[in-house]
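Colleague: Submitted below is the structure of interest, expressed as structure tokens.
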Amino acid sequence: MKIIKHEIPEKLITEDGIRTDGRKPHELRPTKLEVGILKRADGSAYIEQGKNKIMVAVYGPRELHPRHLALPDKALLRCFYRMASFSVQERKSPAPSRREIELSKVIREALEPAIFLERFPKTAIDVFIEVLQADGGTRCASITTAALALADAGIPMRDLVSAVAVGKVDGHIVLDINDLEDKYGEGDMPTAIMPRKKEVTLIQLDGRWTPEEFRQGFELAIKGCEQIYQLQREALKRRYLEIREQAAKEMEELAENP
Ligand code: ADP
């Protein structure tokens, strides 16, 4: 029988500035984004960021049940962040945890400013987030992916939302912290921005930071979000080209067999 133990490294970052996963302090994890992977949903997206694997499906705007929840002047945005039981090493109970309820709220508040909710009164926009594998920074990866799924659903938006967490690890300010850095580091700062409008939609701070560390961390988070934004744009462009190709093929088939 193979027993997997959680190894706690002596150092989270070497004197040469190399992190536990081989990255430099200001480096993002390898990140892959895909849009439109679930055909039944109105919009969907998927992210792999390091070992994180997260799937997002969006439905709406649609009729809201129970009706008394409906808002007279705008759509109700509902986010459901869930971690699969197998997403972490120790089986996670399938019952919704306080953490999942809190993260659902945090994610909703980070996305809300970007959506023209006032165009769809009395309806619901539902965002389902399933974390299949978690390795730190899942709230930010969820926000990044949910913004793409909302765009894929054709929901009018002021801007995308791009998110990443920075952290304080062995006294260094580092970008995009992984699970080990999150658990054994000195602090983290999940940040989300609307990149074109240059507005912050989420900033949380955990641990002790001096004003100078905070300034450095915030600057790094903005740079990280801008890199994520470029990846989001590329993913949306790939999806657009795919749709265009598919439409051209359908037109061709129709012309051949009218
Ligand atoms: P975030 O994922 O946004 O960083 P947290 O700081 O709450 O949110 O969680 C950090 C990491 O801790 C998660 O990404 C995940 O890898 C791990 N984690 C969260 N909940 C559990 C759990 N119930 N069991 C084991 N690991 C967990």
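Colleague: Of the residues in segment 139-177, how many are open to solvent by less than 10 Å² (accessible area, probe 1.4 Å) and within 16 Å of the ligand (Cβ to nearest atom)?
Modeller: So the answer is 20.
Colleague: Another question, if that's okay. Is there any pair with a first residue in segment 59-78 that is surrounded by 10 or more Cβ atoms within 10 Å (Cβ to Cβ) and a second that is aromatic (Phe, Trp, Tyr) whose Cβ atoms are under 8 Å apart and which are 6 or more apart or on different chains, and what are they?
Modeller: Tyr59/Phe128; Gly60/Phe120; Pro61/Phe120; Lys74/Phe120; Ala75/Phe120
Colleague: Further question: Is it the case that Lys53 is open to solvent by 20 Å² or more (accessible area, probe 1.4 Å), more than 20 Å from the chain's Cα centre (by Cα) and under 25 Å from Leu202 (Cα atoms)?
Modeller: Details: open to solvent by 20 Å² or more (accessible area, probe 1.4 Å): yes; more than 20 Å from the chain's Cα centre (by Cα): no; under 25 Å from Leu202 (Cα atoms): yes.
Criteria not met by Lys53.
Colleague: Would you confirm, using the coordinates I've provided, whether Val131 is over 12 Å from the mean Cα position of the chain (by Cα), under 30 Å from Gln227 (Cβ atoms), touching a residue at least 40 places away in the same chain (Cβ under 8 Å) and crowded, with 19+ Cβ neighbours inside 10 Å?
Modeller: Values: over 12 Å from the mean Cα position of the chain (by Cα): no; under 30 Å from Gln227 (Cβ atoms): yes; touching a residue at least 40 places away in the same chain (Cβ under 8 Å): yes; crowded, with 19+ Cβ neighbours inside 10 Å: yes.
Against the criterion (over 12 Å from the mean Cα position of the chain (by Cα), under 30 Å from Gln227 (Cβ atoms), touching a residue at least 40 places away in the same chain (Cβ under 8 Å) and crowded, with 19+ Cβ neighbours inside 10 Å), Val131 does not qualify.
Colleague: For a quick check of your reading of the model, give me the residue pairs whose first member lies in segment 139-154 and is outside any helix (DSSP H, G or I), whose second is open to solvent by 10 Å² or more (accessible area, probe 1.4 Å) and not small (Gly, Ala, Ser), with beta-carbon atoms closer than 6 Å and at least 6 apart or on different chains.
Modeller: Correct list of pairs: Ala153/Asp42.
Colleague: Given the conditions (1) within 23 Å of Gly154 (Cβ to Cβ); (2) modelled with pLDDT of 95 or more, which single one is not true for Leu64?
Modeller: Leu64 satisfies all of (1) within 23 Å of Gly154 (Cβ to Cβ); (2) modelled with pLDDT of 95 or more except (2).
Colleague: Which of the residues that make up segment 181-196 are touching a strand residue (DSSP E or B) at 6+ places or on another chain (Cβ under 9 Å) and either within 16 Å of the ligand (Cβ to nearest atom) or β-branched (Val, Ile, Thr) (or both)?
Modeller: Start the filter on segment 181-196 by keeping residues that are touching a strand residue (DSSP E or B) at 6+ places or on another chain (Cβ under 9 Å), which leaves 181-182, 184-195.
Once the filter is applied, which keeps residues that are touching a strand residue (DSSP E or B) at 6+ places or on another chain (Cβ under 9 Å) and either within 16 Å of the ligand (Cβ to nearest atom) or β-branched (Val, Ile, Thr) (or both), segment 181-196 yields Glu181, Asp182, Tyr184, Gly185, Glu186, Gly187, Asp188, Met189, Pro190, Thr191, Ala192, Ile193.
Colleague: Next question. Of all the strands (runs of 3 or more DSSP E) wholly in segment 164-258, which have at least 3 residues that are closer than 21 Å to Leu150 by Cβ and not charged (D, E, K, R)?
Modeller: Details: elements: 172-175, 187-194, 199-203.
Strands (runs of 3 or more DSSP E) meeting the threshold: 187-194, 199-203.
Colleague: When the residues of segment 113-128 are filtered to those that are under 17 Å from the mean Cα position of the chain (by Cα) and open to solvent by 40 Å² or more (accessible area, probe 1.4 Å), which remaining residue is farthest from Leu69 (Cα to Cα)?
Modeller: Out of the qualifying residues, it is Pro113.
The values are calculated or read from the model by the stated rules, or taken from the named source; none is laboratory data. What you see is a predicted model; the values in this text were computed from it and never measured. When we count neighbours, we look across all protein chains shown, and the Cβ atoms used for this are built from the backbone with ideal geometry, even at glycine. For the accessible areas, the whole protein counts, side chains as well, though only heavy atoms, and no ligand, DNA or RNA atoms are used. Shrake-Rupley method; radii C 1.70, N 1.55, O 1.52, S 1.80 Å.
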